[in-house]
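Note sheet for the following structure.
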Amino acid sequence: MDLPDYYSEGALPFADILSSLSYALDLTSGYSSGHAQRTCLIGLRLASVVGLPQNQVNSLYHALLMKDAGCSSNSARMAEIFSADDIAVKRSMRTTNWSNTMEAMRTAASNVLPGGSPIAKLKKLIEMTSHREEISDGLTETRCDRGAQIALQIGLGEEAALVIRHLDEHWDGHGSPYHLKGDTIPILARIACLAQTMDVFFTASGVDAAYDVIMRRRGTWFDPDLVRAASRFQSDYKFWALLASDPTQMLANLEMRAALDDASEERIDAICCAFASIVDAKSPFTAEHSSRVRDYAVSIGEQMGIMGRRLTILRRAAQLHDLGKLGVPNSILDKPGKPTPEEWAVIREHPGNSYRILAGIRGFQRLAAIAGAHHERLDGRGYHRGVGAEVLDLDMRILAAADVFDALSAKRPYRDALPLESVYEIMEKDAGAALDPDCIAALKAIYPLQLPQSSAGDLMEKAA
């Protein structure tokens, strides 16, 4: 089988990577596609009107692209509280004024326990209402603090991390989670809060609707001076039209240092690690899944003679293979029983989402192809493309085997982790039809049956 050139080199703009990966954050946070990019552009326009110094503009740029990096960390808790689809709940919350008790109650009532009886819904609603502020602050703190940690992990700096940590504070002190008020909220966080709200309503209902909302919330949610600054570009129809049609190109055209810096190999690795942790944080049952699959894939690859740049690409593809799973609700991911046909259809979308997000990064096309193929089968009965052995090269087969190996050997909502002997027995039944026999043989050589391993944790310890 002819393989593509794994050794093509070229600088990767750091901003291109963040901009494309922000689509994954839109998936899990309940925003419409491109939200982080549009918010970034609105925020930068505000910064220009206000006259912020360039170093602050750079921090704002990075913070707005990564502002939702912590959103997956409260997904399981959100699903538990509402007994509902966490992504649908988040989407509904985006247009709600939570400072208004009646509006907040209506939104909660419309989302809690879908399909439940009226009495069950009422009990759940009363329980939520009695702990409303505690729940709100807890969910926000989990998300914002985790997002700030990720910003530091990928080298965005303290100022960008501070923006993400205080993203949901409000001018009147009734925001979350720390209830900061007025000028005690960092200026960049005030801009970010305003910009993200403007995009939510702009995308849903247009420019005038966005300005109606920020005028109504002036002095409560938002700094009045920033609302006045935003009003200066309300009539810039060219800006709003471009924002709606092609925010990616608008970002690519920016002439600023933060948008032009190239990413080092070390920084790319840090980003891959960070986004793998974002994916794995979505469900308690996927904790460390991406890092385990990475280690298994690298071990198989080395066993089969893969090295150098090609091994690097395989490692990164393994880390990011489940990126699209950020768009799968926790009500499905954490379900103790088998998915319904409708739920299964949602699950089957995630490799395609992984591929599309990664393929949008210049230089990541090969990585995207490997990651997007992790649920394909040699007999063509896999997903998302349904291609067979003639298309699935060795790297794709390795990742598929590593993913199945971890899925079987790790605990799942519907069963305990399987012993290693059972894992191999199941995989060998699929040898030649779904999985490559040589990849299974490589796994058995690395983790032989006589090792006393009975859990994913034991396997991971041996793989380290």
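Here's the yes/no breakdown for (1) outside the structural domain of residue 51 (by TED's automatic domain parsing); (2) under 16 Å from residue 41 (Cβ atoms); (3) touching a Pro at 6+ places or on another chain (Cβ under 9 Å); (4) not in a helix (DSSP H, G or I):
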residue	(1), (2), (3), (4)
189	no, no, no, no
197	no, yes, no, no
200	no, yes, no, no
204	no, no, no, no
208	no, no, no, no
212	no, no, no, no
220	no, no, no, yes
225	no, no, no, no
230	no, yes, no, no
Practice task
Return a yes/no flag: does segment 373-391 have any residue that is surrounded by 23 or more Cβ atoms within 10 Å (Cβ to Cβ), closer than 23 Å to residue 27 by Cα and aliphatic (A, V, I, L, M).
Solution key: yes
Problem - Looking only at segment 27-65, and only at residues there that are in contact with a Gly (Cβ under 7 Å, 6 or more places away or on another chain) and modelled with pLDDT of 95 or more, the one that is nearest to residue 350 (Cα to Cα) - result: 64
Practice task
For residues that are free of Cβ contacts under 8 Å to residues at least 40 places away in the same chain and under 27 Å from residue 309 (Cβ atoms), tally how many sit in segment 393-442.
Solution key: 6
Problem - segment 98-124, residues that are closer than 20 Å to residue 134 by Cα and polar (S, T, N, Q) - result: 99, 100, 101, 107, 111
Exercise for the section: State all residues of segment 295-311 that are touching a residue at least 40 places away in the same chain (Cβ under 8 Å) and either farther than 30 Å from residue 331 by Cβ or among the basic types (Lys, Arg) (or both); if no residue qualifies, say none. Expected result: 299, 300, 301, 303, 304, 306, 308, 309, 310
Completion exercise
Counting only helices (runs of 4 or more DSSP H) wholly inside segment 6-120, the ones holding at least 2 residues that are among the aromatic types (Phe, Trp, Tyr) and farther than 29 Å from residue 219 by Cβ are 14-29
Problem - Selection count, segment 296-320, where residues are farther than 23 Å from residue 407 by Cβ and acidic (Asp, Glu) - result: 0
Exercise for the section: Look at residue 167 and say whether it is within 21 Å of the chain's Cα centre (by Cα) and outside any helix (DSSP H, G or I). Expected result: yes
Practice task
Out of the residues in segment 326-349 that are within 20 Å of residue 91 (Cα to Cα) and part of a loop (DSSP other than H, G, I, E, B), state the one that is modelled with the lowest pLDDT.
Solution key: 334
Problem - Residues located in segment 313-365, provided they are without any contact (Cβ under 8 Å) to a residue 12 or more places away in the chain and among the polar types (S, T, N, Q) - result: 340, 365
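The values are calculated or read from the model by the stated rules, or taken from the named source; none is laboratory data. Keep in mind that this is a model prediction, so the values were computed, not measured. FYI the Cβ positions are ideal-geometry reconstructions off the backbone, even for glycines, and counts take in every protein chain you see.
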